[in-house]
Amino acid sequence: MQLKTILNRVQKFKSFVYGNIFWLQSGENLELVIEVAARANSNPICSGCDRAGSVYDRLATRLFEFVPLWNIAVFLAYAMRRVNCKRCGVTVETVPWAEGKHTLTKTYMHFLAKWAKKLSWKETAGAFRTSWEKVFHSVQWAVEWGLAHRDLSNVTSIGVDEVLWHRGHKYLTVVYQIDSECKRLLWVGKDRTIKTLLRFFRMFGTQRSAHLLFICSDMWKPYLKVIARKAGHAIHVLDRFHIAMHMNKAIDKVRAEETRELKAKGLDPVLTHSRWCLLKRPENLTLKQEVKLGDLLRCNLKAIRSYLLKEDFQFFWEYVSPHWAGVFLDRWCKRTMLSKIEPMKKVARLLRSHRELLLNWFRARGTISSGVMEGFNNRLKLTTRKSYGFRTFRATEIALYHTLGALPEPEWTHKFC
Ligand SMILES: [Zn+2]
């Protein structure tokens, strides 16, 4: 069988034919070059308006990298024609295997992008003997195609969140779709300001925003403001996972302060090594931590009382009716305000001032799951962590859309990977 037969089977281009195939010595490596020619009677297509025109002239032969064969680099060689277009003047023709100034064929970019979902970009480059930049451009191309072709008409629930980025010095704002039948990353933006989230709504459009039913977020003020302004009709839900985070932060603070006080007074620092006993849910404790917790509960310490308040608050989520959940919330806040533990009082004040949004959780029950956001954030951290090359926002953004965006892919007659 000839190589041409295989090529015609896996990658046939209308109006073009495969010609000679020869070896090319490139440094120490042997490469395969496949000549491509336009069919004699075919007219070139203008890259400006996608319409056929007459041939103006021919440019020097260009090489387009194709999917390697038996680990041998493969190139398509073609001399691009220039088109004499009635509308655009003289333009370069458009060819089906490549786009714009890319030196990689679309098929090869798709191939690399596909592998870059399974391996890191560096590993992908290493496995196919190409460069990190080429993998990056391939993923970027796949993401741009996916973003241009994705369907946003079914979005009714979104989750907005902030994540630390760039070794914890900067923030990203992420917006997920959290509908039960479709979960994906919709948007990434730099910073966590009012402007940032406004940019999402601009991209999303007023018509789609009008169809939003539920929005889940944490209590970050700029987000609350933008959501109220741009999608005030949707039910805004405060996320359970973020409330737990506020609670844990408060307990951590109480514990640290109290440990210091005990030490200063020369008392037994019972709280040392107790951090995880107090932050973990009781069912997740190890046996040793459980014993420690038992000891701690016998002392009348602020940290312990905070812990009990936090555990008590878990009952809040068990309610079905927003009304009774509200009654519970008010009682809990009252008790906490009387506790004289400042960091916990701060949490109570926070919850009180967002009472309605908290109770929305019960109104939205069953339709959205905020656990999805936590899961997404974990996957997001994994993506940014393993990506040594992502120093720029652009690369990070591309990588996140690629791994979390559930983007559509072009249809290919032959599956290369
Ligand atoms: Zn044209």
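The values are calculated or read from the model by the stated rules, or taken from the named source; none is laboratory data. Computed from a predicted model, the values in this text were never measured in an experiment. All Cβ positions, even for glycine, are placed from backbone atoms using ideal geometry, and neighbour counts span all protein chains on display.
Taking the condition of being surrounded by 18 or more Cβ atoms within 10 Å (Cβ to Cβ) and within 11 Å of V83 (Cα to Cα), how many residues in region 24-46 meet it?
Qualifying residue count for the region: 3.
Can you tell me which residues in region 243-273 are at pLDDT below 75 and within 30 Å of R352 (Cα to Cα)? Quick ask: steps written out before the conclusion?
Initially, region 243-273 is screened for residues at pLDDT below 75, giving 266-273.
L271 - this is the single residue of region 243-273 that is at pLDDT below 75 and within 30 Å of R352 (Cα to Cα).
Suppose we filter region 181-212 for residues that are among the hydrophobic types (A, V, I, L, M, F, W, C), farther than 22 Å from F393 by Cα and modelled with pLDDT of 90 or more; how many remain?
Final tally of qualifying residues: 2.
Can you say whether I304 is within 30 Å of K117 (Cβ to Cβ), of a type in the set (A, V, I, L, M), at pLDDT below 90 and surrounded by 13 or more Cβ atoms within 10 Å (Cβ to Cβ), as far as the supplied structure shows?
No: the conditions fail for I304.
Assess whether I178 counts as being in contact with a Ser or Thr (Cβ under 6 Å, 6 or more places away or on another chain), at pLDDT below 95 and not charged (D, E, K, R). Break it down stepwise before answering.
Details: in contact with a Ser or Thr (Cβ under 6 Å, 6 or more places away or on another chain): yes; at pLDDT below 95: yes; not charged (D, E, K, R): yes.
Yes; evaluated as a whole, the condition is true for this residue.
Where residues in region 70-88 are away from the ligand (no atom under 16 Å from the Cβ) and surrounded by fewer than 18 Cβ atoms within 10 Å (Cβ to Cβ), which of them is nearest to L24 (Cα to Cα)?
I72
Of all residues in region 337-363, which are assigned to a loop (DSSP other than H, G, I, E, B) and surrounded by fewer than 20 Cβ atoms within 10 Å (Cβ to Cβ)?
Residues satisfying the conditions are L338, S339, K340, H354.
Here is a list: T91, T61. Which entry is within 12 Å of the ligand (Cβ to nearest atom) and among the β-branched types (V, I, T)?
Answer to the selection: T91.
Counting only residues that are more than 10 Å from the ligand (Cβ to nearest atom) and of a type outside the set (S, T, N, Q), which one in region 40-58 is farthest from I6 (Cα to Cα)?
Y56
Pairs only if they're at least six apart or on different chains, beta carbon under 7 angstrom, first in region 166-185 and of a type in the set (A, V, I, L, M, F, W, C), second at pLDDT below 85 and assigned to a strand (DSSP E or B); list them, first residue then second.
If the second residue must be at pLDDT below 85 and assigned to a strand (DSSP E or B), the pairs left are L172/W165; I178/I368.
Can you find a residue in region 318-336 that is surrounded by 14 or more Cβ atoms within 10 Å (Cβ to Cβ), out of contact with any helix residue (DSSP H, G or I) (no Cβ under 6 Å at 6 or more places or on another chain) and not in a helix (DSSP H, G or I)?
No, region 318-336 contains no residue that is surrounded by 14 or more Cβ atoms within 10 Å (Cβ to Cβ), out of contact with any helix residue (DSSP H, G or I) (no Cβ under 6 Å at 6 or more places or on another chain) and not in a helix (DSSP H, G or I).
Against the definition (among the β-branched types (V, I, T) and either out of contact with any strand residue (DSSP E or B) (no Cβ under 8 Å at 6 or more places or on another chain) or within 26 Å of A127 (Cα to Cα) (or both)), how does I34 come out, yes or no?
Taking the combined requirement at face value, the residue satisfies it.
Of all residues in region 148-174, how many are among the hydrophobic types (A, V, I, L, M, F, W, C) and loosely packed, with under 15 Cβ neighbours inside 10 Å?
So the count comes out to 3.
Here is a list: S153, S217. Which entry is among the small types (G, A, S) and in contact with a strand residue (DSSP E or B) (Cβ under 7 Å, 6 or more places away or on another chain)?
Answer to the check: S217.
Would you please name the residue that is nearest to K346 (Cα to Cα), looking only at residues in region 294-303 that are in a helix (DSSP H, G or I) and over 38 Å from the mean Cα position of the chain (by Cα)?
The selected residue is K302.
Using the structure shown, decide if V67 is of a type in the set (A, V, I, L, M), within 16 Å of the ligand (Cβ to nearest atom) and touching a residue at least 24 places away in the same chain (Cβ under 8 Å).
Here the answer is no, as V67 does not meet what is asked.
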